[in-house]
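Peer 1: Pasting a structure here, questions to come.
Bear in mind these aren't lab numbers, they're just calculated from the coordinates by the rules spelled out. Every value quoted in this text rests on a predicted model; they were computed, and no experiment measured them.
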Amino acid sequence: MLATAPPPPRRRAFVVLPLAWAAFILVSTLTPARSMPETPHWEFLSFDTAAHAFVFWLLAVLAVFSAGRQRWFAGLRKHAFRAVFLGTVAMGAGIEVLQMWMDLGRNGEWSDMLSDSLGVVLGLLLMWTVKRFWQ
């Protein structure tokens, strides 16, 4: 009787991680301003800029990791970096537009969208450099 190799382990896409983080971003950015805590003032770099870049950096990392590992949509897996870039930058732009339109006491700023995009690009660059370890 021939021995067969064990089946390869299932690769989980971890779809919940980027979706949960995106929901956190939406809730935290669309919360009325009076409900938000005071943020520290930094001399070199504003806390707001760093926070926007960080949350979108993490969203890009989680999303491209999940999209690159999933097996349901081959096109998404093949074009994960492009899809994540377009989706997360569009999300950042949409948040800023909603902040302009909604009466939440918050202001939509193009500099925030630029910070979001910078975080996305840095996250995708990181994932591109370590791609061989997670794909």
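Peer 1: Express in nm, to one decimal, how much length is gained between residue 71 and residue 54 on full extension, taking 0.36 nm for each residue of separation and deducting their alpha carbon distance.
Peer 2: This chain segment gains 3.3 nm when fully extended.
Peer 1: Taking 2.2 N^0.38 Å as the expected size of a compact globular protein, what ratio does the Cα radius of gyration of region 52-91 give against it, to two decimals? Spell out each step's value before the answer.
Peer 2: Details: Rg = 10.0 Å, N = 40, 2.2 N^0.38 = 8.9 Å.
The reported ratio for this selection is 1.12.
Peer 1: Semi-axes of the equivalent ellipsoid of region 47-131: what are they in whole Å, largest first, if each equals the square root of 5 times a C-alpha gyration tensor eigenvalue?
Peer 2: Taking √(5λ) for each eigenvalue gives 26, 14, 8 Å, largest first.
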